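First up is the structure itself, then whatever we jot down about it.
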Amino acid sequence: MLKVDTRGRSCPEPVIMTKNAVSDLKKGDSIKVLIGEEVAKENVGRFARNSGCNVEVNNKGNEEYELLITKK
Amino acid sequence: MNDKKGIIITGAVIGLLGGLLVKFGNPANMGICVACFIRDIAGSIGLHRAGVVQYLRPEILGFILGAFIIAKTKGEFKVTGGSSPISRFVIAMFVMIGALVFLGCPLRMVLRLAGGDWNAILGIVGFVVGVLIGTQFLKNGFTLGRSYKVNKTSGYILPGIAILLLIFRIVRPGFIIFSESGPGAAYAPWIIALSAGLIIGILAQRSRICMAGGIRDLYLIKDSHLIIGFISIFVFAFIVNIIFGNFDPGFVGQPAAHTDWLWNLLGMFLTGFGSVLLGGCPLRQTILAGEGNTDSVVTFIGYLVGAAIAHNFGLAASGSGVGFAGKFAVIFGIIIVTVIALSSIKYNKMA
């Protein structure tokens, strides 16, 4: 599974990186997006839901999250 | 509070307070202006000597402290740094110079429009085009690189300075300069200005409101979330201006504005372009600077120095228009920011 590391990137780079990765997905495919801050988690989550994906948020602790994004 | 309601409320409060602060004594159509107020602060600590724009604006200190307090409370105070600080510094300087050629940050641009200053329309056109071009660079791989966690102490420095400056504002020691006439001498009582700043700082931190981000997201990911804040500011400032009779439509004779349309447009183009590369408008950067983002602190210092340069070397516009130095600086700034953007794309493609 493709893993995108967006930690430390300023807004809106995490969304752009996710967008580029999601555009290649087929129905049922998933990617993992590693996120380093609250704002990016909201932005990436909102973007993914708006573009027809399921989003599962895993809190990795230490203010890091892993989003499992699956194309519906 | 990261839903639609949050962003609408934030915009509404900024719009209302922007209108009301004028009523309480701030300069006309300048209830809140991040660029103008940072410029005033630069003057009050003697970084420039333009006698009419020197004042320690408590609003800005409130933005920093409000963001700091709420970020601490919500566990979002996170101290990071190391994402191309010197590039950020230079871009921020030009964002400020562009804003001072237009005479306002993106926020004041909206407040000016809400006050009937049609020159702001040219500013908006330039700003939108600047944001779109900056976004194009982002799409093509522009990045200032990732930041890392750094020593927590670094995150407390700017809020500490804000508290110190606030004490100076209240005590008014002799070495701090306060304008005796002009826009710098027009201000709301400090406690009102500070309260407004704190409220806006808190709401802006929660809602992540950003003037550049609104247009960027609409174009980039067809997301209207942030632009709603932008519109909300306009609507509520407009309502307050109508109620208090501060709506005066026209191009000529507007407060702290000029009618040099091309330079209104190009000044704001530079500000929009630079802001997108930095990841946010001057308001957003100030909020981030309060919540531990030391790259945004460097950006904030870039604004301060940019404002000082703008007034020390006659780049800033006045009511009568833009001088040769200001025009030169805007063109020079557009070139420098473009070079930084292009070199970043090239560097990241090789890496």
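When you scan the stretch B:182-233, how many residues do you find that are of a type in the set (Ser, Thr, Tyr) and either within 30 Å of A:SER51 (Cα to Cα) or within 12 Å of chain A (Cβ to nearest Cβ) (or both)?
The total comes to 4.
Sub-9 Å Cβ pairs linking a first residue in the stretch B:147-176 that is on the phi < 0 side of the Ramachandran plot to a second residue that is assigned to a helix (DSSP H, G or I) and basic (Lys, Arg), at least 6 apart or interchain, are B:ILE176/B:ARG169, ordered by first then second residue. The single residue among B:ALA193, B:ALA204 that is crowded, with 22+ Cβ neighbours inside 10 Å and touching a Pro at 6+ places or on another chain (Cβ under 6 Å) turns out to be B:ALA193. For the stretch B:67-85, the candidate set comprises residues that are more than 10 Å from chain A (Cβ to nearest Cβ) and either among the aliphatic types (A, V, I, L, M) or more than 12 Å from B:VAL298 (Cα to Cα) (or both); within that set, the residue that is surrounded by the most Cβ atoms within 10 Å (Cβ to Cβ) is B:ALA67.
Comparison of B:GLY43, B:GLY31, B:GLY104 shows that the only residue that is farther than 23 Å from B:PHE313 by Cβ and not polar (S, T, N, Q) is B:GLY31. For the criterion of being in a helix (DSSP H, G or I), modelled with pLDDT under 95 and within 13 Å of chain B (Cβ to nearest Cβ), A:ARG9 fails.
When each of B:PHE175, B:PHE236 is tested for being within 30 Å of B:GLY134 (Cβ to Cβ), modelled with pLDDT of 95 or more and more than 12 Å from chain A (Cβ to nearest Cβ), the lone residue that passes is B:PHE236.
Kindly indicate whether A:GLU64 is closer than 17 Å to B:THR80 by Cβ, more than 8 Å from chain B (Cβ to nearest Cβ) and modelled with pLDDT under 95. Yes.
If you go through the stretch B:39-56 and keep only what is assigned to a helix (DSSP H, G or I), hydrophobic (A, V, I, L, M, F, W, C) and touching a Lys or Arg at 6+ places or on another chain (Cβ under 8 Å), you end up with just B:ILE41. I'd like the full set of residues that are part of a helix (DSSP H, G or I), of a type in the set (Ser, Thr, Tyr) and surrounded by 13 or more Cβ atoms within 10 Å (Cβ to Cβ), limited to the stretch B:306-346. Passing the criteria: B:THR338, B:SER344. Of the residues that make up the stretch B:261-280, is at least one of a type outside the set (A, V, I, L, M, F, W, C), at pLDDT 95 or above and open to solvent by 10 Å² or more (accessible area, probe 1.4 Å)? For the stretch B:261-280, residues of a type outside the set (A, V, I, L, M, F, W, C), at pLDDT 95 or above and open to solvent by 10 Å² or more (accessible area, probe 1.4 Å): absent.
Restricted to the stretch B:133-172, and to residues there that are open to solvent by less than 30 Å² (accessible area, probe 1.4 Å) and among the hydroxyl-bearing types (Ser, Thr, Tyr), the residue that is farthest from the other protein chains (Cβ to nearest Cβ) is B:THR135.
The set of residues in the stretch A:12-38 that are more than 11 Å from chain B (Cβ to nearest Cβ), outside any strand (DSSP E or B) and touching a helix residue (DSSP H, G or I) at 6+ places or on another chain (Cβ under 6 Å) is empty.
Within the option set A:THR18, A:THR70, A:THR6, being polar (S, T, N, Q) and in contact with a Cys (Cβ under 7 Å, 6 or more places away or on another chain) holds for one residue only, A:THR70. Residues that are away from chain A (no Cβ under 11 Å) and of a type in the set (Val, Ile, Thr) within the stretch B:276-297 comprise B:THR286, B:THR294, B:VAL297, listed in sequence order. Restricting to the stretch B:129-166, give me the number of residues that are touching a Leu at 6+ places or on another chain (Cβ under 9 Å) and hydroxyl-bearing (Ser, Thr, Tyr). Final tally of qualifying residues: 1.
To keep it simple, each residue is scored yes or no on (1) aliphatic (A, V, I, L, M); (2) open to solvent by less than 30 Å² (accessible area, probe 1.4 Å); (3) farther than 29 Å from B:VAL150 by Cβ.
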position	(1), (2), (3)
A:PRO14	no, yes, no
A:SER23	no, no, yes
A:ARG46	no, no, no
A:VAL55	yes, no, yes
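The residue pairs whose first member lies in the stretch B:101-122 and is closer than 20 Å to B:ILE331 by Cβ, whose second member is surrounded by fewer than 24 Cβ atoms within 10 Å (Cβ to Cβ) and of a type in the set (Lys, Arg), and whose beta carbons are closer than 9 Å, counting only pairs six or more residues apart or on different chains, are B:VAL101/B:LYS327.
When you check A:LYS41 against the structure, is it within 14 Å of chain B (Cβ to nearest Cβ) and either under 11 Å from the mean Cα position of the chain (by Cα) or hydroxyl-bearing (Ser, Thr, Tyr) (or both), yes or no?
When the stated conditions are applied, A:LYS41 passes them.
Listed conditions (1) open to solvent by 60 Å² or more (accessible area, probe 1.4 Å); (2) under 22 Å from B:VAL128 (Cβ atoms) are all met by B:ILE228, apart from (1).
The values are calculated or read from the model by the stated rules, or taken from the named source; none is laboratory data. None of the values given here were measured: they were computed from a predicted structure. We place every Cβ from the backbone using ideal geometry, glycine too, and count neighbours over all the protein chains shown. When the accessible area is computed, the model is the full protein with side chains, heavy atoms only, and any ligands, DNA or RNA have been set aside. Shrake-Rupley method; radii C 1.70, N 1.55, O 1.52, S 1.80 Å.
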